[in-house]
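Laboratory data are not the source of any read-out in this text; all were calculated from the coordinates shown. Quick caveat: nothing in here was measured; it's all calculated off a predicted structure. For neighbour counting, all protein chains shown are included, and Cβ atoms are generated from backbone atoms with ideal geometry for every residue, glycine included.
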Amino acid sequence: MKSSKNKKAVIVGLFSIVGIAIFLVGVFALGGQHSLFVTTITVKASFTDVNGLTAGNNVWFEGVKVGTVKSVSLSGKPGVEIQMNIGKKSCQYIHNDAKAKIGSDGLIGNRIVIIMGGTADSPVIKDGDIIEAEKALTTDDLVNTLQKNNLNLLDITGDLKTISRRIANGEGTIGKLLKDESLVSNLQSVVDIVKQASVNTRQITSNLESYSSKLEAKGSFANDLVTDTIIFSKLRETVIHIREISKTIAVVAADLQTAGENINDSSKPIGALIHDREAADNLKTILKNLASGSHKLDEDLEALQHNFLLRGFFRKKEKEEAKAKK
Amino acid sequence: MQDKHKDGGMGNGEVVISVRGLYKSFEDIPVLEGVDLDVYNSENVVVLGRSGSGKSVLIKIIAGLLKPDAGVVKVMGEQVDKLKKKELRQLRLKIGFLFQGSALYDSMTVKENIEFSMVRHFKNMAASEVSKAIAEILDSLGLEHTENKMPSELSGGQKKRVGIARTLILHPEIMLYDEPTGGLDPVTSVEINELINEVQKKYNTTSIIITHDLTCAKTTGDRVLMLHDGKFIRQGSFEEVFDSNDERVKSFYDYNFIQ
Amino acid sequence: MEPISKQPAKYVISKNVDSFFSEIYAIIKFIGLFFKEVFTPPYEPREVIKQCYEIGYRSLALISLTGFITGLVFTKQSRPSLSEFGATSWLPSLVGIAIIRALAPLITALICAGKVGSNIGAELGSMRVSEQIEAMEMSAADPFKFLVVSRVVATTIMVPLLVMYMGLIGLLGSYVNVHVNEQTSFTVFFHDALVKISFLDYTASVIKAIVYGFTIGIVGCYKGFNATKGTEGVGRAANVSVVISMFLIFIEEIIIVQIINWIRYAG
């Protein structure tokens, strides 16, 4: 009886010690990885935007983890001040003219702080040093550029509106209107802006496309797990829209250019230009294309189409022509 | 404290257990309705009654396992339901209780069952002494070679004996038997009845025996009380109790000795 | 003679509501008694060890098997979606988070609730209905201390230890799968598995395990200790112990995870 009692005690003791050992190994393994038992120094950096960086994120130097983010706080000055704990052992390799930027450790991974550069001549960082921050291109920046493009497109429609208004108001004769140097140059600048916008947009689109296609493994668990699906689907939609807009813009740009060249072309009589159905149709398609471009554009363009000004103007022209022939 | 009641029966010593006006009900169903009882030193009192008549409840209240709704229960001069935990524990050391199904601890061997309370109360006792005492009591109860058996390996009669051994090892002054012959065959029942008498003689205990077995009542009881509808309706010697035309008593007798 | 004091059938609200609240009171009293008794001598070290053996060591095989299969299957099932994404290298990290943060404590607790909880409920229940608990009281020992305290202490200590085993073996199961498919080395696997685990996660899991262990013990003991109505009551005690402790474990899981998240994001 006694021996069986003792056996149980021994087994329980062994069982417990192994369990506790597993626990301790876990603690030390974690401790090793989270540099809990490593002495660190604190370094600061100020960013205008930290893109969701939080305390506990890793700090990398030349691709090696050297520490973690200790705190992220709004400093009031420009943007956000972060404090990083950097392992003492790694400090000797980081010089105080190094720069910090926000990145991520994978395509859709955690935010990290990347420290890079630094020249060997400068002293190494010390506790309390401030590292200069470098702005990184972020998704937000991409979206901002896109917004600018949209504004540009708005300007274009604005210009077209002005043109049509002038026509409608009959500012001067048609000849004057068409001779108007400023109009021509306006048109030219429109073309330029559109071209620029188109190039920009295409670039962004391809950026976004590659960005999203990597995400796009449909229904993939990781994808759903790691990214917010709503944001993702929005992003995809945006890409499609932008692609459309970009195509439209390209067409518009080409059309406008032809129109502009025609006007500029002194060899062609102005009358011929105006009577040129092709040119008129061109103008119409321009408007149509622009209309299908984006929702914002749509609103303006619809207003433009609905007042029939241009059509009315062309019809009048035709009638006049008919009279003149008689 | 110890008010002497010498009204008939076999009473010829001190009152060990005194019950006055005891009421107890479970969820509004009354079980005991005004029970008075005096048990004198070293007598065997048998409480007869039908199943569910509250016999077991009575001795559980005496043992302090249940609290009375009303009434005074004194055991060796102490009011049981007013005692503190420690005092109650002290008192219980003097009370042996044989439960209906013996209530041996399933997970322990016979020896562990018996030593369970010993090792908790005689902490200074050497292990060899404990073993000796256990072997002695097992021998005296005819339970040799069962020390290391589990309760599930024992027969009903053996279980009762171990149950008795478990209480006797503490040398109780009072023994409470709850259906000592319940679930046993007649031959074993006779053995247990003899054992109860033996214990009373050997250890000079005061006993209350709860039963509905008239043979048991007849052989073990110095005094018999009949519990019906929560009250004692008759008391006296076995013959006195059943020398009656009371239907409630007769039906009981008829059933037991029908042949 | 005292006047007859038959209990009047008056309830504060109604019979059922009253009994519900008196049960709550009884449970609180039971828990309070546990904390009082656990710190007051005499102690029952031998019984605690015996219960540790029954609860901890005897569950180890089941826990190990379940842990290994959990780790293996979880990894296997997660691979296709991660590989579609070209991120199978994330498997260890994913499994690490899943097992250490959630699965190890929860699955261990549920298994223990089923195995140990029902066992305690049935054992104490049968001791109650066969009057063994009263017999213990009559032998002037403290059945609460001997039966309840020892078991609750044992579950509170053993469940966290079992969680440790489950965590390690679960990760090993996952490692087997990852190693076969990606040829990841042992060191890299465990490094990756722990890389996303913070001390808070680790502590939280241990706290969870302690709370679950206590819950399993106290529920089983309460239900068993207060079993009534014969053998039917024993089955009921065992069954109800499992149901209630599982239910409570899920509730506690939610609460603890919520609290941990507050701490995580407040800091």
Applying the selection to the range C:63-107, what residues are within 9 Å of chain A (Cβ to nearest Cβ), touching a helix residue (DSSP H, G or I) at 6+ places or on another chain (Cβ under 7 Å) and either closer than 23 Å to C:Thr156 by Cβ or acidic (Asp, Glu) (or both)? C:Ile100
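Here are some residues: C:Pro80, C:Pro92, C:Pro105. Which one is more than 30 Å from A:Lys7 (Cα to Cα) and either buried (at least 22 other Cβ atoms within 10 Å of the Cβ) or among the polar types (S, T, N, Q) (or both)? Even if it seems obvious, please write down each step before you answer.
Details: C:Pro80 fails: either buried (at least 22 other Cβ atoms within 10 Å of the Cβ) or among the polar types (S, T, N, Q) (or both); C:Pro105 fails: more than 30 Å from A:Lys7 (Cα to Cα).
When all the criteria are applied, what remains is C:Pro92.
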Select, from B:Val110, B:Val57, the only residue that is out of contact with any Pro (no Cβ under 6 Å at 6 or more places or on another chain) and within 13 Å of chain C (Cβ to nearest Cβ). B:Val57
I want to confirm something. Restricting to the range B:67-80 and keeping residues that are surrounded by 15 or more Cβ atoms within 10 Å (Cβ to Cβ) and within 30 Å of C:Gly230 (Cβ to Cβ), which single residue is nearest to the other protein chains (Cβ to nearest Cβ)? B:Ala70
List the number of the failed condition for A:Lys126; all other conditions in (1) in a strand (DSSP E or B); (2) over 27 Å from C:Leu94 (Cβ atoms) hold. (1)
Please go through the range A:45-71 and give me each residue that is under 17 Å from A:Glu81 (Cβ atoms) and of a type in the set (D, E, K, R), ordered by number. A:Asp49, A:Lys70
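Can you tell me which of C:Val178, C:Val188, C:Val163, C:Val159 is assigned to a helix (DSSP H, G or I), surrounded by 17 or more Cβ atoms within 10 Å (Cβ to Cβ) and away from chain A (no Cβ under 12 Å)? Working first, answer last.
On the way: C:Val188 fails: surrounded by 17 or more Cβ atoms within 10 Å (Cβ to Cβ); C:Val163 fails: away from chain A (no Cβ under 12 Å); C:Val159 fails: away from chain A (no Cβ under 12 Å).
Matching residue, one of C:Val178, C:Val188, C:Val163, C:Val159: C:Val178.
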Quick check, is C:Ser150 closer than 24 Å to C:Thr228 by Cα and either touching a strand residue (DSSP E or B) at 6+ places or on another chain (Cβ under 8 Å) or within 14 Å of chain A (Cβ to nearest Cβ) (or both)? yes
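Applying the selection to the range B:78-137, what residues are hydrophobic (A, V, I, L, M, F, W, C) and not in a helix (DSSP H, G or I)? Before the answer, list the steps.
Going through the range B:78-137, the residues hydrophobic (A, V, I, L, M, F, W, C) turn out to be B:80, B:83, B:88, B:91, B:93, B:95, B:97-99, B:103-104, B:108, B:110, B:114, B:116, B:118-119, B:122, B:125-127, B:130, B:133-135, B:137.
Across the range B:78-137, the qualifying residues are B:Leu83, B:Leu93, B:Ile95, B:Phe97, B:Leu98, B:Phe99, B:Ala103, B:Leu104, B:Met108, B:Phe122, B:Met125, B:Ala126.
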Can you tell me which residue is farthest from the chain's Cα centre (by Cα) among those in the range C:119-140 that are surrounded by fewer than 24 Cβ atoms within 10 Å (Cβ to Cβ) and either more than 14 Å from chain B (Cβ to nearest Cβ) or without any contact (Cβ under 8 Å) to a residue 24 or more places away in the chain (or both)? C:Ala140
For the range B:167-212 the number of residues that are in contact with a helix residue (DSSP H, G or I) (Cβ under 7 Å, 6 or more places away or on another chain) and within 29 Å of B:Arg248 (Cβ to Cβ) is 18
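Kindly check whether there is at least one residue in the range B:29-46 that is within 13 Å of chain C (Cβ to nearest Cβ), assigned to a helix (DSSP H, G or I) and under 23 Å from C:Thr228 (Cβ atoms).
Initial filter on the range B:29-46 (within 13 Å of chain C (Cβ to nearest Cβ)): B:29-36.
So of that shortlist, the ones also assigned to a helix (DSSP H, G or I) come out as none.
No, the conditions are met nowhere in the range B:29-46.
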